[in-house]
Amino acid sequence: MRRGATLISTLVGIGFLAVVLVAVVQLHALSSAAVAVADARSRALMVAEAQIERLHAGGYAALPAVGQHVIEAPASAGLPGASGTLTISEGPARDSRLVTVTITWRQRPERQESRVSLSRIIAGGGMGG
């Protein structure tokens, strides 16, 4: 009887270890996907920030007209199917514009589109007037 109990407890232990191993493998796969999404979001934010900084460096007078404009997301960003829009609208103060850069991409074909947006106010006389 002792030998049978040892065999059963060994089989139960092996079964438990198999379940734990499957859970660890699934957790690793999920965390890898989350890291990929976070990495893509970080790259999209860097692209948007670079666009805003470029516009800010050019100054108020060099801003495009009020409206929505298509911008190129650099291929070096590594964002699949990336596209961008630049929206220029009236700012909260005289001689100011609200500049919004939106970058969209599709992480995987079966997933919905991801998007990040950054905004900045650019004023003609600087923020102090």
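The one condition from (1) surrounded by 15 or more Cβ atoms within 10 Å (Cβ to Cβ); (2) closer than 13 Å to Gly124 by Cα; (3) of a type outside the set (Val, Ile, Thr); (4) at pLDDT below 95 that Pro92 does not meet is (1).
Out of Ala34, Ala23, Ala38, one residue alone is among the aliphatic types (A, V, I, L, M), more than 30 Å from Ser89 (Cα to Cα), out of contact with any helix residue (DSSP H, G or I) (no Cβ under 6 Å at 6 or more places or on another chain) and at pLDDT below 90. It is Ala34. Take the conditions of a type in the set (Val, Ile, Thr), touching a Ser or Thr at 6+ places or on another chain (Cβ under 7 Å), within 23 Å of Ser114 (Cβ to Cβ) and loosely packed, with under 15 Cβ neighbours inside 10 Å and apply them to Val37. Does it pass? No. Considering the range 61-87, the residues that are among the hydrophobic types (A, V, I, L, M, F, W, C) and surrounded by 15 or more Cβ atoms within 10 Å (Cβ to Cβ) include one that is nearest to Ile121 (Cα to Cα), namely Leu63.
The values are calculated or read from the model by the stated rules, or taken from the named source; none is laboratory data. Keep in mind the model is a prediction, meaning the values are calculated, not measured. Positions of Cβ are backbone-derived with ideal geometry, glycine not excepted, and every protein chain shown enters the neighbour counts.
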